[in-house]
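The values are calculated or read from the model by the stated rules, or taken from the named source; none is laboratory data. This structure is a prediction, so every number in the text was calculated from the model and none was measured. FYI the Cβ positions are ideal-geometry reconstructions off the backbone, even for glycines, and counts take in every protein chain you see. Heads up: the accessible areas ignore ligands, DNA and RNA and are worked out on the full protein's heavy atoms, side chains in. Shrake-Rupley method; radii C 1.70, N 1.55, O 1.52, S 1.80 Å.
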Amino acid sequence: KQAGALFGRDAQGLLEDCELEGNTRAAVEIRGSGNPTLRRCTARRCGDVGVMVHDRGRGTFEDCDLAEAAWAVLVVRRGAAPVLRRCKIHDGLKAGALLAARGGGLLEECEVFANAGPGVVIGDDANPMLKGCQIRDNGQAGVAVGEKGRGTLEQCAISGNGLAGLVIGAGAAPQVRGCRIEHNRDAGVWARRGAAGSVEGCDLTDNREGALDLESGARLQLRDNRTGP
C-alpha cells in the first residue's frame with residue numbers, strides 16, 4: 001500500500017489505538033482540507049515518511065508514536081497546518097520533522113529525538129509553532145531553519161544534538177523565546193550570514209562550542225539570554 005490511512009478532500013474521522021506500518025509512501029496521508037483525529041496511534045517502518053500532511057490538510061494527533069521513516073518521519077507542506085500534542089517523532093533515517101512550502105501548524109509538548117539528521121527542519125515560507133517540545137539527541141542540528149523559514153519556538157528544550165542546537169540560515173527569521181538550548185556538540189545558536197529573527201530569554205549555556213556563533217552579516221536580535229555561568 002502507498003498509504004496506510006489516506007484522508008482526502010474534507011475527510012474527517014477518528015482513529016484510536018491503531019498501528020500503521022510497512023507502507024511504501026506514508027503511514028498516514030492527509031490532504032485537501034482533510035481533518036481527522038488520531039489518538040494513541042503508532043506509525044512506523046514506512047518507505048518515505050511516517051505522516052504526510054499537505055495541500056491545506058489539517059488533522060489532530062494526540063499521544064502518537066511516529067518513527068522509522070526513510071526521508072522524514074513527519075512532513076508538513078503546501079499550506080497544511082496539523083496539530084500534534086504529546087507525540088513522539090523519532091528514529092528517522094534523515095530528518096524527524098520537515099516543514100516547508102508554507103507549512104504551519106502546532107507541535108505542543110512533543111518529543112523529537114534520535115533522528116539521523118536534524119530533529120526539525122523549517123524552510124520555504126513555513127511558519128509553525130513549537131511549544132514546550134523536547135528536541136534532543138539527533139545526529140545533526142536540533143532545529144534547522146532554512147531560507148525563508150520562520151516559525152516560533154516557545155519554552156522548548158533543545159539538547160544533546162550532534163551539531164548546533166539551533167541553526168538559522170540566510171533569509172530565515174524564526175522567533176525563539178524562553179527556550180533551553182544546551183549540551184549540544186556545536187554552538188547553542190549558529191546564525192549564518194543573512195540570518196534574521198530573534199532569540200529572547202533563552203538559556204544558551206553548556207554547549208561545546210559556546211553559546212553563539214554569529215557569522216558576519218547575521219542580523220539576529222538577541223535579548224535577555226543567558227550565555228555563561
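Using only Cα coordinates, the Kirkwood hydrodynamic radius of segment 1-102 works out to 12.7 Å. Scattering from segment 125-164 was approximated by placing one identical point on each alpha carbon and applying the Debye formula without solvent; log10 I(q)/I(0) at 0.28 1/Å stands at -0.98.
Which one of N161, N23, N138 has the biggest mean-square fluctuation once the chain is modelled by GNM with Cα springs under 10 Å? Ranking N161, N23, N138 by mean-square fluctuation puts N23 first.
Counting only protein heavy atoms and a 1.4 Å probe, segment 10-63 has 44 square angstrom of accessible area per residue. Percent of Cα pairs in segment 86-169 per distance bin of 10 Å, from zero to the largest separation: 23, 58, 20. What is the log10 of I(q)/I(0) for segment 99-229, computed with the Debye formula using one identical point scatterer on each Cα and no solvent, at q = 0.10, 0.12 Å⁻¹? Log10 of I(q)/I(0), two decimals: -0.24, -0.35. Residue farthest toward the positive end of the dipole of the chain, with Cβ of Lys/Arg at +1 and Asp/Glu at -1: which of V73, V143, P174? Final value for the positive-end residue is P174. Taking the Cα centre of the chain as reference, the dipole from Cβ charges on Lys and Arg (+1) and Asp and Glu (-1) amounts to some 580 debye. Note on the chain: with a GNM built from Cα contacts shorter than 10 Å, the maximum mean-square fluctuation among E29, E111, E16 falls on E16. A simple count of charges around E111, restricted to other residues whose Cβ falls under 14 Å of its Cβ and scoring Lys, Arg +1 and Asp, Glu -1, yields -2.
Defining a contact as two alpha carbons under 8 Å apart and six or more residues distant in sequence, what relative contact order in percent does the chain show? Value for the chain: 10 percent. Evaluated with a Cβ-only charge set (Lys, Arg +1; Asp, Glu -1), segment 1-93 carries a dipole of roughly 340 debye about its Cα centre, given to the nearest 20. Computed from backbone phi with θ = phi - 60° and the Karplus coefficients 6.51, -1.76 and 1.60, the 3J(HN,Hα) list for segment 53-62 is 10, 8, 6, 6, x, 10, x, 10, 10, 10 Hz; x is used for glycine and proline.
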